[in-house]
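S.K.: Here it is, the structure in full.
Every read-out reported here was derived from the displayed coordinates using simple, explicitly stated rules and does not represent laboratory data. Everything numeric in this text was worked out from a predicted model, so none of it was measured. Backbone-built Cβ (ideal geometry, glycine too); neighbour counts: all protein chains shown.
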Amino acid sequence: IEITASPPRRAEIAPTPIIRRQGTVLVVDDEHPLRVAAHRILTAEGFNVIHAATASEALRVCSEYDGHLDLVLTDVFLTDWRGQELAEHLRRQYPDLKVMLMSGDPQAIPLVEGQTLLRKPFTKRQLVDSVLGVLSAAHAA
């Protein structure tokens, strides 16, 4: 009787999903639950997400990154600055940095005339579509 050894079977290994990084987003809002929710949603979509609770903290983070962020998503009404003031400051300091405003306050609408405004509360799809829309418009320009 002849016995031949068969080659060892390779273990079936499921391929590791590759998460494509979409970019880095700084979320600025004094509402902690909103920052956490935005973090979870955008991270699941492949974004690197950083948080700041105040405009001052956002300026520090932008300085640490030397403006090399893809997007700053900021509330219109922050505890230390207005979101529009932060946006204007960041656009002057980092001309290529995209800034998108968000608010759940109807009084914010006239304040952000001509700028992208994400209305709170937002759905996962609204957040992702808004962020991707701003970033794709930036790449098309």
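S.K.: Using 0.36 nm per residue, how much length does the chain from ALA44 to LEU132 gain when fully extended, once their Cα-Cα distance is taken away? Could the numbers behind the result be given before it?
M.R.: Details: separation 88, 0.36 × 88 = 31.68 nm, distance 1.36 nm.
Contour length minus the Cα-Cα distance gives 30.3 nm.
S.K.: Now for a different question. Any idea what the relative contact order of region 99-141 is, in percent, if you count C-alpha pairs under 8 Å spaced at least 6 apart? Provide the component values of the computation, followed by the final result.
M.R.: Details: 27 pairs, mean separation 16.0, N = 43.
Worked out over region 99-141, it gives 37 percent.
S.K.: Across 5 Å bins from the origin, how do the percents of Cα pairs in region 55-126 run, short distances first?
M.R.: 3, 17, 28, 24, 17, 9, 1
S.K.: Using DSSP to define loop residues, name the GluC sites (Glu not before Pro) in region 67-141 whose beta-carbon has at most 13 other beta-carbon atoms within 10 Å. Walk me through the numbers on the way to the answer.
M.R.: On the way: sites: GLU85, GLU88, GLU113; in loops: GLU113.
Counting only loop positions with at most 13 other Cβ atoms within 10 Å, the GluC sites (Glu not before Pro) in region 67-141 are GLU113.
S.K.: While we're looking at this one, here's another question. How many nm is it between the label spots at SER56 and GLU113, if each spot is 7 Å from the Cα in line with the beta carbon?
M.R.: Rounded to a tenth, the inter-label distance reads 3.2 nm.
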